[in-house]
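Worksheet: one structure, shown below.
What follows draws every value from the coordinates through simple rules; no lab data is involved. Bear in mind the structure is a predicted one, so any value in this text is a computation, not a measurement. All Cβ positions, even for glycine, are placed from backbone atoms using ideal geometry, and neighbour counts span all protein chains on display.
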Amino acid sequence: MGGLKKLDGLDKKLIRHLTRDGRMPVKELVNKLEITSPTLQVRMKNLLQSGVLKIAGLVDVFKIEKLFMALVAIRVIDDLKIDDTLNGLSRMPEVDSVYAVTGRYDIFAEILFSNDMEALYKFMSSKLPQQGNIDYSESFVVMKSKKKWTILPPGIDL
């Protein structure tokens, strides 16, 4: 896989601190990491620009009324087009995450939808087939989860 960034010890420590508290003040990070403010700024800029790190507000889907999560298992028609399919799915506003996986399915997509089952039905019956390269799909509504924090996709209304 191209584009992987090798992280040094300082990058790893910085990421660890920010994953615990993404709002940690610069002064506190500088003290904990024993570095200067300019060094911190350069490291943060590099991690953000490389796509290794994203700082965002995360939500617990299961604590928001009328917000639901489903996993969609997908078999593709053409394995050679799996990257195109992953890219297409990742651009859909309901899709939180998409994964190429091993096993009897080729892709798992994690989707969020609001209000009621109608949104899931519309996604499965209309939007997903329009994506193309879908041989078979199956959805699983997530009833409960632990340790699942996510960025709210732009297509979700609260």
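Quick query: amide H of Leu152 versus all other amide H atoms, modeled in the peptide plane; which residues come in under 5 Å with a sequence gap of 5 or more or a different chain?
Counting only residues 5 or more places away or on other chains, the set is Val59.
Can you work out the FRET efficiency for the pair Leu10 and Ala56, with r the C-beta to C-beta distance and R0 = 30 Å, to the nearest 0.05? Provide the component values of the computation, followed by the final result.
Working: r = 22 Å, r/R0 = 0.74.
That pair, Leu10 with Ala56, gives E of 0.85.
From the alpha carbon gyration tensor of the stretch 9-50, can you work out the equivalent ellipsoid semi-axes (sqrt of 5 times each eigenvalue) and give them in Å, largest to smallest? Provide the component values of the computation, followed by the final result.
Numbers: eigenvalues 37, 30, 18 Å².
Value: 14, 12, 10 Å, ordered largest first.
For a footprinting-style exposure proxy, rank Glu138, Glu65, Glu110 by other Cβ within 10 Å, fewest first. All intermediate terms of the calculation are to be shown ahead of the outcome.
On the way: Glu138 11, Glu65 6, Glu110 19.
Ranking Glu138, Glu65, Glu110 by Cβ neighbours within 10 Å, fewest first, gives Glu65, Glu138, Glu110.
Let me make sure I get this right: for the stretch 34-150, a, b and c are the square roots of the gyration tensor eigenvalues over alpha carbons, sorted descending. Under 1.5 in a/c it's rounded, otherwise prolate if a/b > b/c, else oblate. Which is it?
Oblate shape, in that a/c is at least 1.5 and b/c is the bigger or equal ratio.
Sorted from largest to smallest, which semi-axis lengths in Å does the alpha carbon gyration tensor of the stretch 88-158 give for its equivalent ellipsoid, taking the root of 5 times each eigenvalue? Spell out each step's value before the answer.
Working: eigenvalues 72, 50, 30 Å².
Semi-axes from the Cα gyration tensor: 19, 16, 12 Å.
With θ set to phi - 60° and the Karplus curve 6.51 cos²θ - 1.76 cosθ + 1.60, what are the ³J(HN,Hα) couplings of the stretch 84-95 in order, to the nearest whole Hz, using x for Gly and Pro?
4, 5, 4, 4, x, 5, 5, 7, 6, x, 7, 7
For the stretch 143-158 and the stretch 98-124, what is the separation of their Cα centres, given in Å?
13
So, in nm, how far is label Gln41 from label Tyr121 when the simple model puts each one 7 Å beyond its Cα toward the Cβ?
Those two pseudo-labels are separated by 5.5 nm.
If you add up the charges near Gly51, with Lys and Arg at +1 and Asp and Glu at -1, over every other residue whose beta carbon is less than 15 angstrom from its beta carbon, what do you get?
Working: positive: Lys5, Lys6, Arg43, Lys45, Lys54; negative: Asp11.
Around Gly51, the surrounding residues sum to +4.
Order of Thr85, Thr150, Thr39 from fewest to most other C-beta atoms within 10 Å? Could the numbers behind the result be given before it?
Values: Thr85 23, Thr150 16, Thr39 13.
By the 10 Å Cβ count, ascending: Thr39, Thr150, Thr85.
Explain nothing, just the number: dipole magnitude of the chain about its Cα centre with +1 on each Lys and Arg Cβ and -1 on each Asp and Glu Cβ, in debye rounded to the nearest 20. Don't skip to the end; give the middle numbers.
Details: 24 positive and 20 negative charges, 184 e Å.
Computed about the Cα centre, the dipole is about 880 debye.
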